[in-house]
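Written below as structure tokens is the structure these notes are about.
The values are calculated or read from the model by the stated rules, or taken from the named source; none is laboratory data. All of these numbers come straight from a predicted model, not from anything done at the bench. Note that each Cβ is placed from the backbone with ideal geometry, even for glycine, and that neighbours are counted across all protein chains shown.
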């Protein structure tokens with residue numbers, strides 16, 4: 001263990017974004033010990049990392065960050081020098097139905113990690129606590145404008161409120177205790193290994209199986225989409241080169257309405273599945289809009305570009321093509337992880353929402 005130059009704790013490393021980040025760090029930094037800490041909820045899946053799980057610089061710890069004592073043990077056991085914190089309850093619909101899980105994981109869990117880092121690192125230099133957050137903390141945009149790092153927080157859902165609270169605690173530990181924090185707020189991610197409760201993987205899976213495609217309201221809500229591997233590269237850049245005490249916005253630099261995105265996926269999958277054009281579009285079902293549904297998110301990532309030289313590597317269309325191909329070629333992965341209560345949950349969620 002003492003041969004490693006860094007011992008980096010990545011929380012939520014078995015999840016969607018986390019698994020891409022763990023893989024990137026394992027492959028790019030063999031002199032780092034990567035400790036993947038994950039509770040393995042429905043959205044955490046170690047099969048996301050089977051290609052790297054036997055690398056000599058990889059360790060997995062099944063721990064709930066709400067358990068402060070267990071977090072302390074991991075810090076001591078592995079002599080953690082740095083943290084990249086992604087572990088979170090992240091689905092807005094679930095936060096509306098049960099906000100307390102989001103308070104415990106996203107707020108209490110984050111404070112437990114901050115406290116462990118503060119207690120173990122003291123005033124030593126060369127540590128980083130990188131907190132990964134969301135653009136949803138900023139609330140909703142009008143037809144124009146972009147979220148910047150100076151945008152005031154205005155969360156509209158229990159999920160975004162819990163993430164906003166965690167962001168404030170992170171900055172408080174920097175200002176109060178001098179903890180060497182860095183923070184990033186990202187737009188909507190997409191790509192492989194995404195649990196199919198989120199829009200893009202849900203639509204791909206439902207189109208593949210000729211199931212209804214539930215679209216909230218009129219489908220005119222706008223999102224900025226970020227390829228998950230580009231997000232991992234941005235985290236890498238911020239972790240290594242970003243300024244301590246600073247926040248960086250990470251965006252894909254493109255905006256789509258939900259209905260435009262669904263229609264694009266329908267056309268792409270009709271082509272890939274050798275279906276008649278328009279066949280999948282007929283599966284679209286408009287459902288009652290979700291409570292507190294933000295109208296538009298859009299990220300200004302110019303600070304990240306100007307200071308650290310990061311820009312997205314691919315267009316949304318190319319990223320979607322890669323994403324769709326992955327899901328079509330890995331249908332067993334999707335079927336396996338959705339074999340639990342997920343199908344019952346979503347059948348119940350949408351059954352009474354048709355408009």
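Odds and ends about this structure:
- Flag if residue 83 is in contact (Cβ under 8 Å) with a residue 60 or more places away in the chain, buried (at least 18 other Cβ atoms within 10 Å of the Cβ), in the same structural domain as residue 231 (by TED's automatic domain parsing) and assigned to a strand (DSSP E or B): yes
- Restricted to strands (runs of 3 or more DSSP E) entirely inside segment 205-316, those with at least 1 residues that are closer than 23 Å to residue 151 by Cβ are 222-227, 247-250, 255-257.
- Exclusive hit being in the same structural domain as residue 327 (by TED's automatic domain parsing), surrounded by 15 or more Cβ atoms within 10 Å (Cβ to Cβ) and free of Cβ contacts under 8 Å to residues at least 24 places away in the same chain, set 269, 263, 213: 263
- Residues satisfying the stated conditions in segment 109-142, i.e. outside any helix (DSSP H, G or I) and touching a helix residue (DSSP H, G or I) at 6+ places or on another chain (Cβ under 9 Å): 127, 128, 129, 130, 131, 132, 133, 134, 139
- Here residue 275 fulfils each of the conditions (1) in contact with a helix residue (DSSP H, G or I) (Cβ under 8 Å, 6 or more places away or on another chain); (2) in contact (Cβ under 8 Å) with a residue 12 or more places away in the chain; (3) on the phi < 0 side of the Ramachandran plot apart from (2).
- Residues located in segment 41-65, provided they are within 22 Å of residue 101 (Cβ to Cβ), surrounded by fewer than 16 Cβ atoms within 10 Å (Cβ to Cβ) and touching a helix residue (DSSP H, G or I) at 6+ places or on another chain (Cβ under 7 Å): 42
- Checking each residue in segment 264-289 for being farther than 22 Å from residue 319 by Cα and touching a strand residue (DSSP E or B) at 6+ places or on another chain (Cβ under 8 Å) picks out 283, 284, 285, 286, 287, 288, 289.
- Selection status of residue 287, more than 20 Å from the chain's Cα centre (by Cα), surrounded by 14 or more Cβ atoms within 10 Å (Cβ to Cβ) and under 23 Å from residue 219 (Cα atoms): yes
- Condition met for residue 36 (under 30 Å from residue 293 (Cα atoms), buried (at least 19 other Cβ atoms within 10 Å of the Cβ), assigned by TED's automatic domain parsing to the domain that holds residue 234 and touching a helix residue (DSSP H, G or I) at 6+ places or on another chain (Cβ under 7 Å)): no
- Flag for residue 244 being surrounded by 15 or more Cβ atoms within 10 Å (Cβ to Cβ), over 22 Å from residue 216 (Cβ atoms) and in contact with a strand residue (DSSP E or B) (Cβ under 8 Å, 6 or more places away or on another chain): no
- Count - residues of segment 251-260 that are farther than 15 Å from residue 316 by Cβ and either buried (at least 22 other Cβ atoms within 10 Å of the Cβ) or at pLDDT below 95 (or both): 0
- For residue 295: the one exception among (1) surrounded by fewer than 16 Cβ atoms within 10 Å (Cβ to Cβ); (2) modelled with pLDDT under 95; (3) in contact with a helix residue (DSSP H, G or I) (Cβ under 8 Å, 6 or more places away or on another chain): (3)
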